[in-house]
Amino acid sequence: MAIVARRLGLLDPLREFVKFPSETESNTKPVWGTCAGLVMLAEQASATKQGGQELVGGLDVRVLRNRYGTQMQSFVAGLNLDFLGEGEEPFRAVFIRAPIVEGVISESQGTKEGRVEVLGVYPQDGEGKGDIVAVRQGNVFGTSFHPELTDDVRIHVWWLKQVVDAVRHGELVLNGA
Amino acid sequence: MATNLHPGTNGGASDDFTVKAGLAQMLKGGVIMDVTTAAEARIAEEAGAVAVMALERIPSDIRAMGGVARMSNPEMIKEIQAAVTIPVMAKARIGHVVECQILEALGVDYVDESEVLTPADDKFHVQKSDFKIPFVCGCRNLGEALRRIKEGAAMIRTKGEAGTGDIVEAVKHIRTVNSEIAAAKAALASGGEVAISALAREIGCDVALLKQTAELGRLPVVNFAAGGVATPADAALMMHFGCDGVFVGSGIFKDAKTPEHALKRARAIVKATAQYTDKQALIEASIEHGVAMKGISNAGLKPEEKMAGRGW
């Protein structure tokens, strides 16, 4: 993905888009990445291809690629996602050769706003803390799984509300309110 | 596209099929390359391939050497799996359930039940919904595509004529699929269920899948081009006909003078597939690609030399 983005001259514009507000904006633009998109939005990645790989960045996290293995270990799991609201039904999350967030990186670089919030955890076998599978930092949001592959639109609806809020907030700041 | 992923008649549980077909969705717009060694797999990965197809000989060499073509040696597949982080696919013979089981146990990401290998069963294909591993299968027409999906295939490709470097058969197959989908849409619009049932009998496929295809206006799973793609322009041509992505078999490594030449070819085909409507990009890709494989004209092949006729 990064190789093709680099060749198409998209990698630097993407970094610009994700990490830096334009002159008419007070915040960075809302961005959401799923699966490989989450990998691209991370500042660091483990288990990359030989020689490493380029990333867009935006989230102060280190991701672990292919956490669960090959396609044979891909799966669907019900996740309890509190950000969707109290008492919501579990979200049927599709994990395909999915990455997870391995850890939060302490030192924040660039213009990123706020801290990394963990929004979703996959409690594998009920042991330990579970795997971090949804995070947000400022206007940058990432999920290990693929809400775009199912008919459940709750995360999309939530996300669009975040976008609207971010745009409104930006307008208020720019208007000096 | 979410609703496309649930052919309820598929046989497997809906979640399983979502996971199988979902991986193919993630490969859209990309190129899958045939590789025979870990070094070739690394070239493909660095060129931006979305996946590799591990096989012992590229189709043009299978064609030249003759004999029986079978599943690749697992040792070679393991080496390729260890070398790259992109998905690794591998081919099994048509109807060879045990080759599929071996590939599944090896943990490859996709199995291609392929006419490029010598068929193991002259009546039946593998019942693919019995497997956890997803399958891609070739087709020449809509009936064949929907028969494979009914058996559990989560991805389809045109058959083309593998190993020739001649695009004519792949074009014929995608044109046939497209025109039959148009016919199914027209049948549903004018005659409803009865007309769809009649058409399904005629082309030999499942009624519910044909109706779903007519409603969607496309196959219910991802559909790639394959069989004869030799140049960036060939890849872009297949995208122009509505394919979701491209398999390149012999076109990368056949007659490549050096690994660097193969890398350039691979990069050029990735670029042309991603930017298939951008004429300037296609000029650049064509220059970068350099000399293409020599190839064999499809028109000069005897019927028994053609691979596309394998499959039922």
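Values computed for the structure shown
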| read-out | value |
| --- | --- |
| Given (1) crowded, with 17+ Cβ neighbours inside 10 Å; (2) part of a strand (DSSP E or B); (3) within 11 Å of chain B (Cβ to nearest Cβ), index of the condition A:TRP32 fails | (3) |
| Conditions (1) within 12 Å of another protein chain (Cβ to nearest Cβ); (2) over 30 Å from B:LEU282 (Cα atoms); (3) among the basic types (Lys, Arg): number failed by A:LYS19 | (1) |
| Answer residue from the stretch B:102-120, given it is assigned to a loop (DSSP other than H, G, I, E, B) and under 22 Å from B:ALA226 (Cα atoms) and is nearest to the other protein chains (Cβ to nearest Cβ) among those | B:ASP109 |
| Selection within the stretch B:54-82 - within 14 Å of chain A (Cβ to nearest Cβ) and open to solvent by less than 10 Å² (accessible area, probe 1.4 Å) | B:ALA54, B:ILE77, B:ILE80 |
| Residue that is surrounded by the fewest Cβ atoms within 10 Å (Cβ to Cβ), among those in the stretch A:69-97 that are among the charged types (D, E, K, R) and within 13 Å of another protein chain (Cβ to nearest Cβ) | A:ARG92 |
| Pairs, first more than 10 Å from every other protein chain (Cβ to nearest Cβ) and over 18 Å from B:LEU103 (Cα atoms) in the stretch B:38-53, second open to solvent by 40 Å² or more (accessible area, probe 1.4 Å) and not hydrophobic (A, V, I, L, M, F, W, C), C-beta under 7 Å, six or more apart | B:ILE43/B:PRO259 |
| Those residues of the stretch B:123-147 which are closer than 26 Å to B:VAL171 by Cα, not in a strand (DSSP E or B) and not hydrophobic (A, V, I, L, M, F, W, C), in sequence order | B:HIS125, B:PRO134, B:ARG140, B:ASN141, B:GLY143, B:GLU144, B:ARG147 |
| Residue within the stretch B:248-263 that is among the β-branched types (Val, Ile, Thr) and surrounded by fewer than 17 Cβ atoms within 10 Å (Cβ to Cβ) present | yes |
| Tabulated pairs, the stretch B:93-104, first touching a residue at least 40 places away in the same chain (Cβ under 8 Å), second surrounded by 22 or more Cβ atoms within 10 Å (Cβ to Cβ) and of a type in the set (A, V, I, L, M, F, W, C), C-beta under 8 angstrom, 6+ apart or interchain | B:ILE94/B:LEU117; B:ILE94/B:VAL126 |
| Scan of the stretch A:136-174 for residues that are open to solvent by 20 Å² or more (accessible area, probe 1.4 Å), without any contact (Cβ under 8 Å) to a residue 60 or more places away in the chain and in contact with a helix residue (DSSP H, G or I) (Cβ under 7 Å, 6 or more places away or on another chain), ordered by number | A:ASP151, A:HIS156 |
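The values are calculated or read from the model by the stated rules, or taken from the named source; none is laboratory data. Note that the structure is predicted; figures quoted are calculated from it, not measured. Here Cβ is always computed from backbone atoms with ideal geometry, including for glycine, and neighbour counts include all displayed protein chains. For accessibility, only protein heavy atoms count, side chains too; no ligands or nucleic acids. Shrake-Rupley method; radii C 1.70, N 1.55, O 1.52, S 1.80 Å.
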